[in-house]
Amino acid sequence: MPKFISASLLSANFLKLGKDIEMLNSHTDWFHIDVMDGVFVPNISYGFPVIRYIKQAAKNPLDVHLMIVDPDRYLEEAKNVGADIITVHYEACTHLHRTLSKIRSLGVKAGVALNPHTPVVLLEDIAEEIDLLLVMSVNPGFGGQKFIEHSYNKVRQAKELFSKKQPNALIEVDGGIGTQNAAKLYEAGADVLVSGASIFSSADSVETIALMKA
Ligand code: DX5
Ligand code: ZN
């Protein structure tokens with residue numbers, strides 16, 4: 001399984017986004033794009049017109065994390081602006097099976113995110129439809145928050161469930177990740193680590209990324 005880093009652009013300086021994307025193109029694996037609606041989470045980030053421009057500069061896949069209510073309304077638009085993976089929240093989908101089928105029918109990988117309080121076992125009957133599981137290791141809404149320690153357990157539980165039901169699915173972890181916990185998360189079974197504040201607040205982002213992967 002891979003050991004990927006998905007760079008969260010939420011903490012980037014948008015005035016020099018092109019330069020940051022250029023650096024990330026050669027040092028990270030995916031771009032993590034956080035879309036927030038101020039309803040599902042208590043914050044608003046950026047939307048599709050911005051993502052369209054990110055796509056023009058990005059050489060790596062766009063990993064789009066929709067922190068919005070009723071995400072079905074925006075799946076096509078997310079695909080049209082360049083999403084390669086679309087992740088919706090378990091807590092925001094009444095008909096998750098239908099939502100995941102729709103994402104896959106667009107030719108995009110389908111991801112499901114779990115808030116810290118949502119147990120992995122709830123995915124038992126839907127695991128086969130999932131290409132990516134996103135374990136939230138902070139309460140979604142903001143960059144730069146403190147990692148929730150219970151997330152290690154959750155990654156192990158996810159690994160166990162998915163190795164039985166859907167071994168090709170990737171397990172991604174999001175929130176509070178840096179050089180202090182990356183190795184332990186990969187060891188627990190994570191394939192992809194999202195990192196924002198740690199990369200962008202580091203004096204040497206390239207070195208921080210290399211240390212996380214090592
Ligand atoms: C939080 C977002 C994260 C966030 C991670 O709601 O989903 O992707 O940007 O950023 P850091 O690495 O700063 O916790
Ligand atoms: Zn995210």
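The values are calculated or read from the model by the stated rules, or taken from the named source; none is laboratory data. As the structure is a computational prediction, the values presented were derived from the model and not from experiment. Please note: Cβ atoms are built from the backbone with ideal geometry, for glycine as well, and neighbour counts cover all protein chains shown. The accessibility values were calculated without ligands, DNA or RNA, using every heavy atom of the protein model including side chains. Shrake-Rupley method; radii C 1.70, N 1.55, O 1.52, S 1.80 Å.
Using a 1.4 Å probe on the protein heavy atoms, what percent of the accessible area of segment 1-121 belongs to carbon and sulfur?
Roughly 53 percent of what the probe reaches on segment 1-121 is carbon or sulfur.
Which order do the peptides 185-196, 91-102 take when ranked by the mean count of other beta-carbon atoms within 10 Å per residue, highest first?
My ranking of the peptides, most packed first, is 185-196, 91-102.
What's the long-distance tail for segment 35-112, i.e. % of Cα pairs beyond 15 Å?
The share of Cα pairs beyond 15 Å in segment 35-112 comes to 51 percent.
Can you give me the Cα centroid spacing of segment 195-214 and segment 87-143 in angstrom?
Cα centres, segment 195-214 to segment 87-143: 27 Å.
Taking the Cβ of residue 74 as the center, what net charge do the other residues with Cβ under 13 Å away carry, scoring Lys and Arg +1 and Asp and Glu -1?
Overall, the nearby charge balance is -2.
Please compute the Cα-Cα pair-distance distribution of segment 81-164 with 10 Å bins starting at 0, giving whole percents from short to long.
Taking all Cα pairs of segment 81-164, the binned fractions are 17, 49, 30, 4 percent.
Over the chain, give the accessible area per residue in Å² for a 1.4 Å probe, as an integer.
Per residue, the chain has an accessible area of 45 Å².
Enumerate the calculated ³J(HN,Hα) couplings along segment 189-195 in order (Karplus 6.51 cos²θ - 1.76 cosθ + 1.60, θ = phi - 60°), each rounded to whole Hz, writing x wherever the residue is Gly or Pro.
x, 6, 9, 9, 10, 8, 8
Computed over the Cα atoms of the chain, what is the ratio Rg over Rh, Rh following Kirkwood?
Across the chain, the Cα-based Rg/Rh ratio is 0.93.
Below 29 Å, Cα to Cα, which lysines can residue 55 reach? Residues fewer than 8 away in the same chain don't count.
Output for residue 55: 3, 16, 19, 79, 102, 109, 213.
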